[in-house]
Amino acid sequence: AAEDAMHCADVDGHNIAVHVYHARGPVSPDAPAFVPAQYARPSPPFVHGPGQQVQLAPLHGPGSTSHSGLIDPCNLFCKNLDPSIDSNDLFSHFRQFGQIVSARVMRNETGDSRGFGFVSFQTPVQASTAMHAMNGVQLGSKQIVVRLHEPKQLRQEKLAQRF
């Protein structure tokens, strides 16, 4: 109840994310690794959509200098959001797909929606399920686009390589 009441609440001008901590026990050797790319062992890609794959950033070339070195398969980017959609709405629409770590609509300096936001799930499976179910759904007056979030630096490096 406290989680629902406080998640995405505004506290002193800051939007907060609240989730219940559940001890996971021992870490499985098959669990996804969030390790800098130079230390990562090769692993098969996580397929998240038609023709798209999510994987560790490469050791060389575009993405190799990414500050995180990784694409997080739990973090979704939601764009084309209706201006009336706020963080609480985003949380409410996505909660049916699993444990949400955070949900946030980005706002400009005057508090107006910038038309995009992020939803982060506990597991890649939950994120993938939500992405497939919510991509193209009408929220408010707009049809939203849901994709896996790519770090800005990685996106810029990919674009620079193409042009």
Residue that is farthest from Pro73 (Cα to Cα), among those in the stretch 116-125 that are open to solvent by 40 Å² or more (accessible area, probe 1.4 Å) and touching a Cys at 6+ places or on another chain (Cβ under 9 Å):
Phe116
Answer residue from the stretch 127-142, given it is open to solvent by less than 40 Å² (accessible area, probe 1.4 Å) and in a helix (DSSP H, G or I) and is nearest to Gln96 (Cα to Cα) among those:
Ala130
When residues of the stretch 101-115 are limited to those that are assigned to a loop (DSSP other than H, G, I, E, B) and among the polar types (S, T, N, Q), the one least open to solvent (accessible area, probe 1.4 Å)
Asn108
For the stretch 107-126, what are the residues that are touching a residue at least 40 places away in the same chain (Cβ under 8 Å) and in contact with a Gly (Cβ under 8 Å, 6 or more places away or on another chain)?
Phe121, Gln122, Thr123, Gln126
Does Ser92 meet the test of being without any contact (Cβ under 8 Å) to a residue 60 or more places away in the chain, open to solvent by 50 Å² or more (accessible area, probe 1.4 Å) and either assigned to a helix (DSSP H, G or I) or within 24 Å of Pro73 (Cβ to Cβ) (or both)?
yes
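The values are calculated or read from the model by the stated rules, or taken from the named source; none is laboratory data. These figures come from a predicted structure and were not determined experimentally. Positions of Cβ are generated from backbone atoms using ideal geometry, with glycine treated the same way; all protein chains shown enter the neighbour counts. Remember, those area values only see protein heavy atoms, side chains included, never the ligands or the DNA or RNA. Shrake-Rupley method; radii C 1.70, N 1.55, O 1.52, S 1.80 Å.
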